[in-house]
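What follows is one structure encoded as structure tokens, with my remarks underneath.
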Amino acid sequence: MSEKEQDTQVSGGVGGTLRRLGRVLTEGRAGSLLVILMIAAIWIFFQIMNANFLSPANLTNLMLQNVAVATISIGVVLILLLGEIDLSVGSVSGLCAAVMAVLIVNHNTSPMLAMLAALATGAAIGLFTGFMITRFRIPSFVITLAGLLLWEGLQLYVLGATGTVNLPNNLVTKLTSTFFSPLAGWIIAVLAIVCMCGLAFLGRARRRRAGLPAGPMRAQAIRLVLVGAAMIAAIVVFNKDRGLPLAVVIVVGLALVFVYVTEQTRFGRHIFAVGGNAEAARRAGIRIDRVRIIVFVLASALAAGGGILAASRLLAVNQSSGGSDLLLMAIAGPVIAGTSLFGGRGSVWSALLGALVIGSIANGMDLMSLSASVKFMVTGGVLILAVTLEAATRLRRQTED
Amino acid sequence: MGDEPVPAVTATTAASPLLALKGVSKRFGPLEALTGVDFEVDAGEVVALVGDNGAGKSTLIKAIAGVQLCDEGTFFMRGTEVTISSPKDADALGITTVYQDLALCDNLDIFANLYLGHERFVKNATRFTGYLDEIEMEKSSLKLLESLAVTTIKDVRAHVASLSGGQRQAVAITRSLLGEPSVVLLDEPTAALGVVQTKQVLNLIRTLRERGLGVVVISHNLADVFEVADRIIVLRLGGRVATFDVKGVSHEDVVAAITGAEFGAAPDEVEEPT
């Protein structure tokens, strides 16, 4: 409704078109479009700076570099939707990876069991954090800040005197070094596209049968074509290098699971409700403390999953695993891609898109051999840009009310 | 206002009103917020509860809603004695409350707000992995709004953040009706609304009355009270000082009862906090 009103207010001409574009971008409804434009701009820029940037080998590496951050970011999105923050996800990922590596190398545990132990460690930490937040009403900012130190200390302790545990070639390292054959890649892509179109068609058919408006067909068709084209392009590029990486399939699969949980289940609806208005959620009979605890458990388990993938890629766990800028990248990504820091607004997809934005910038600057100082400043600048856009969206929403 | 005949939800005899309270008292330390107050509302009746700040309106409403227990007093539903010791009790008895802050989630759709905490699932889905039946919720939301003659809301997929104050009030009232209650308590439903929106909300209140609900409205706005209420109950300093049939009473009489001028007490008597 308000969209139409605003469109009529905007005058014609070039200025009007620009202003309308600005509106669309700051309204937050075209959230993912803005991020995709951002990624395109970043890729074009780095391709101009370094001709290797868009090569199949580098793009495949770019994806593999980002699977860990993207996995952690999925958990961060869940936390942000609640209106909470988790500053300990980085060190949780490091600690859980250390637990896994030590179990495998020093205790001869099977890789599968060790990975499960790492995930369980993460879940236990999340349970602790969630318990402290709900039982003692400690702000999540404070308790996870303490956790950041606590878990990192525990990680150093677990790793022992040498401080580094190298992983032998096993199931864990295979996670990020397995690639599908070109044919298998195509089959996966075609199946994904067929499922996507089928679901969209079924959804429209169900709404029509129920006598409800199905929404603009053209917009949905355009979206399907764009996503399908992106998938085909990705397979072409992956197949020119080593093939579709297993790790990418794992991360996209995780994202799909949590998109379903947040958007189609009661639990997901309750996460949004708690993030939007916790008091209203409580009065509606939602057990908000239980929702909070489960979300912290899921987020910490996902952080552990990210830690496993990072260890798999590094072929080792050391004292800096889960440290340095991992935490900031994992939180900045979703925020750049449109998930609100104030709760109740956002999407699990922003975890993947955000990781792609930040990862592309990091990868491009590595290719240009820029120093860490420049990299930090640029990433910080992009984050400021993103939160400013989000703040503008929020202000507009408030004035609309 | 909908003009199709709506069957009364409940039938009560004249002798036993839908909801009745007898001798309700509440003390906060040395302060008596309510002293031996009787209260009653009948099916198909709108009762306005008026009084100055600190008169005990909120305390009384909270006692009925089960949010804050009173020290003394007996409750009757259709003549049968009942106890209300928690919001759940009130809910089970068919008493629902719409608070002034409405308790809506701005970031959710209208139908998501209506069904918040009572989501419906696709057949055969379990409560945890459950696939929400959005189509069913959307359809019945539209039907419900239509049955209440709420014509200002067309798209139940709109976010509540984009609604006007009157539309929000309509959503909150509609939600309170999902559990098919028999008594609805409305806390300042027209506060901070414009003229047109106030009219819409008052129409909605009339629709509730036509459906045979007992409606209790707390309001500071006497103009709205006179427009929609059947009876006016005046509280002052924790006691029930007057009851008026809205026909045959003037604004001045009600104001006099609220301020206590008619009863010989100074209007600026010590205020009692709630």
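Any read-out appearing in this document is the output of simple, stated calculations on the displayed coordinates, not a laboratory observation. These figures come from a predicted structure and were not determined experimentally. For neighbour counting, all protein chains shown are included, and Cβ atoms are generated from backbone atoms with ideal geometry for every residue, glycine included.
Along its three principal axes, how long is the stretch B:41-157 when you only count alpha carbons? Whole Å, largest extent first please.
Per principal axis, max minus min of the Cα coordinates gives 47, 34, 28 Å.
Ranking A:Trp349, A:Trp151, A:Trp43 by Cβ neighbours within 10 Å, fewest first, what do you get?
Fewest to most other Cβ atoms nearby, the residues stand as A:Trp43, A:Trp349, A:Trp151.
Roughly what % of Cα-Cα distances in the stretch A:240-297 sit above 17 Å, to the whole percent?
Roughly 50 percent, once rounded to a whole number.
Once you've got the GNM for chain A with C-alpha springs shorter than 10 Å, pick whichever of A:Arg292, A:Arg345, A:Arg269 has the biggest mean-square fluctuation.
A:Arg269
Quick query: amide H of B:Leu93 versus all other amide H atoms, modeled in the peptide plane; which residues come in under 5 Å with a sequence gap of 5 or more or a different chain?
Amide H neighbours of B:Leu93, under 5 Å, 5+ apart: none.
Please state, to two decimals, what the Cα-based radius of gyration of chain B comes to when divided by 2.2 N^0.38 Å (N = residues).
Compared with the compact-globule rule of thumb, chain B sits at 1.05.
Treating the beta-carbon of each Lys and Arg as +1 and of each Asp and Glu as -1, no other charges, what is the dipole magnitude of the stretch B:60-123 about its Cα centre, to the nearest 20 debye?
I would put it at about 280 debye.
Shape verdict for the stretch B:106-180, please, from the Cα gyration tensor: rounded (a/c under 1.5), prolate (a/b greater than b/c) or oblate.
Note, shape of the stretch B:106-180 comes out prolate.
Mind checking Rg over Rh on chain A, alpha carbons, Kirkwood formula for Rh?
That ratio is 0.97, to two decimals.
Which one of B:Thr174, B:Thr83, B:Thr97 has the biggest mean-square fluctuation once chain B is modelled by GNM with Cα springs under 10 Å?
It is B:Thr83.
How would the stretch A:179-241 be classified by its alpha-carbon gyration tensor: rounded, prolate or oblate, with rounded meaning a/c under 1.5 and the a/b versus b/c comparison settling the rest?
Judged from the Cα gyration tensor, the stretch A:179-241 comes out oblate (a/c at least 1.5, b/c at or above a/b).
Determine the shape class of the stretch B:143-199: with a ≥ b ≥ c the square roots of the Cα gyration tensor eigenvalues, call it rounded for a/c under 1.5, and otherwise prolate if a/b is greater than b/c, oblate otherwise.
Oblate, because a/c is 1.5 or more while a/b does not exceed b/c.
So, with +1 on the Cβ of K and R and -1 on the Cβ of D and E, and no other charges, what is the size of the charge dipole of the protein assembly as shown about its Cα centre, to the nearest 20 debye?
It comes to approximately 2920 debye.
Could you tell me which of A:Phe131, A:Leu171, A:Thr121 has its Cα farthest along the dipole of chain A towards the positive end, charges placed at Cβ (Lys, Arg +1; Asp, Glu -1), taken about the Cα centre?
Looking along the dipole axis, the top candidate is A:Phe131.
Can you put A:Leu256, A:Leu80, A:Leu103 in order, fewest other beta carbons within 10 Å first?
A:Leu256, A:Leu103, A:Leu80
Return A:Phe131, A:Phe267 ranked ascending by Cβ neighbour count within 10 Å, so the fewest neighbours appear first.
Arranged by neighbour count, lowest to highest, A:Phe131, A:Phe267 become A:Phe131, A:Phe267.
How long are the three semi-axes of the equivalent ellipsoid for the stretch B:97-255, computed from the Cα gyration tensor as the root of 5 times each eigenvalue, in whole Å, largest first?
Computed over the stretch B:97-255, the values are 34, 16, 14 Å.
For a 32 Å ceiling on Cα separation, which of these pairs sit above it: B:Lys22/B:Lys154; B:Lys62/B:Lys154; B:Lys22/B:Lys143; B:Lys62/B:Lys247; B:Lys22/B:Lys88?
Table pairs above 32 Å Cα-Cα are B:Lys22/B:Lys154; B:Lys62/B:Lys154; B:Lys22/B:Lys143.
Tell me, what ³J(HN,Hα) does each residue in the stretch B:36-44 have, in order and in whole Hz, if you take phi through Karplus 6.51 cos²θ - 1.76 cosθ + 1.60 with θ = phi - 60° and put x for Gly and Pro?
x, 8, 9, 8, 8, 9, 9, 5, x
Please report Rg (one decimal) and Dmax (integer) in Å for the Cα set of the protein assembly as shown.
30.1, 95
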